[in-house]
């Protein structure tokens, strides 16, 4: 081999090793995400989130890298073979992520069987693997999206909502209200919950995604007040879009999970309904994903980052001296026997909303609440795992659909109750 060619080969081998280590680092972070310091945790969350839920794409690009570098002689020197070994270890970690994702429907099924009476089966997963390779393509044929309806009558962009439904939907469909997350400060209705909403709309639900007041312009409880105001609009107008105003289930992730739980636990509380105190803000069930349930952190956990955000931008009051205000804004401290049925979903590797908080919330609901609580803890899942299409998202949607099917059987819409009553009279 000529000296120049040999030097070039060594460079290609070393470059391939560097690329392999880079890919492996993403895999490592997906399995062992950093919890501190804060900047590293934020970077680690993004890397872990995208790697875990896009594992097939990571395997694909790393496979392409192997083929391309092999053609350029990467395996003519020892760094190339070391790079291949690193890549194989990376694939082993990615396959582990894939296996955990594939088993999501099993986790939902076990949780339903353990908690919900006569839960029924989780829908058998189909062959929708292709959706995992198009993470941001959500639209379904036949499902339309009616955009930017003003639910407060003031023209504000933060008081808009979208309705997802089948164009041929009949009247009286159950309604899902989606509340986006974003730390009570960022994001909007266009960015979260869309895989679930398009799926449910395709299966006969009417789904509503809302904006609401964000901090720092908004101050707690403006966020919750707006969510309740949107629910009041649903009660008054959703029949025009085929929905049943008496059958509303609320869901959301992260800060939206917090607001979802608060919606379920503070129904008809006049303190959160200024000017519309008489509106019915009850919901049939709540489905919070990776929510924040305790602003007070009474268990002694270190939540300095969350507390600083709340004190400076959201509540705008120091925790010291305002403990009751923080507890009143915490679902954990709002649990009561009249709590609605709940499906609570959390990933055990969540670094932004620790899973221990979800476990405490579930325990409190089961101790003090009066309705079934299904808790699904997903192994290997991070925060915001279902924001885009992935294998885990697809399977989780099947699980949510099973919970909703159980809910419809055990607590049917009013029109279904009438049909059941008529049928009972016919058999009498």
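Residue 263 passes all but one of (1) surrounded by fewer than 18 Cβ atoms within 10 Å (Cβ to Cβ); (2) in a helix (DSSP H, G or I); which number fails?
With (1) surrounded by fewer than 18 Cβ atoms within 10 Å (Cβ to Cβ); (2) in a helix (DSSP H, G or I) applied to residue 263, the lone miss is (1).
Going through region 178-188 one residue at a time, which ones are more than 13 Å from the chain's Cα centre (by Cα) and buried (at least 23 other Cβ atoms within 10 Å of the Cβ)?
Result: 184, single match.
Can you confirm whether region 381-398 contains a residue that is surrounded by fewer than 19 Cβ atoms within 10 Å (Cβ to Cβ) and outside the structural domain of residue 96 (by TED's automatic domain parsing)?
No, that holds for no residue.
Select, from 367, 317, 356, the only residue that is modelled with pLDDT of 95 or more, closer than 15 Å to residue 289 by Cα, in the same structural domain as residue 281 (by TED's automatic domain parsing) and more than 14 Å from the chain's Cα centre (by Cα).
The unique qualifying residue is 356.
Which one is surrounded by the most Cβ atoms within 10 Å (Cβ to Cβ), of the residues in region 224-251 that are touching a strand residue (DSSP E or B) at 6+ places or on another chain (Cβ under 9 Å) and closer than 15 Å to residue 184 by Cβ?
Of everything passing the filter in region 224-251, 227 is surrounded by the most Cβ atoms within 10 Å (Cβ to Cβ).
Looking at this structure, is residue 43 at pLDDT 95 or above and in a helix (DSSP H, G or I)?
Here the answer is no, as residue 43 does not meet what is asked.
Just name the residue that is surrounded by the fewest Cβ atoms within 10 Å (Cβ to Cβ) out of those in region 322-355 that are part of a helix (DSSP H, G or I) and in contact with a helix residue (DSSP H, G or I) (Cβ under 8 Å, 6 or more places away or on another chain).
327
Filter region 96-135 for residues that are out of contact with any helix residue (DSSP H, G or I) (no Cβ under 8 Å at 6 or more places or on another chain), within 22 Å of residue 63 (Cβ to Cβ) and at pLDDT 90 or above and give the result.
Hit for region 96-135 is 99, nothing else.
The values are calculated or read from the model by the stated rules, or taken from the named source; none is laboratory data. On a predicted model such as this, the values are computed, not experimentally measured, just so you know. Cβ: placed from backbone, ideal geometry, glycine included. Neighbour counts: every protein chain shown.
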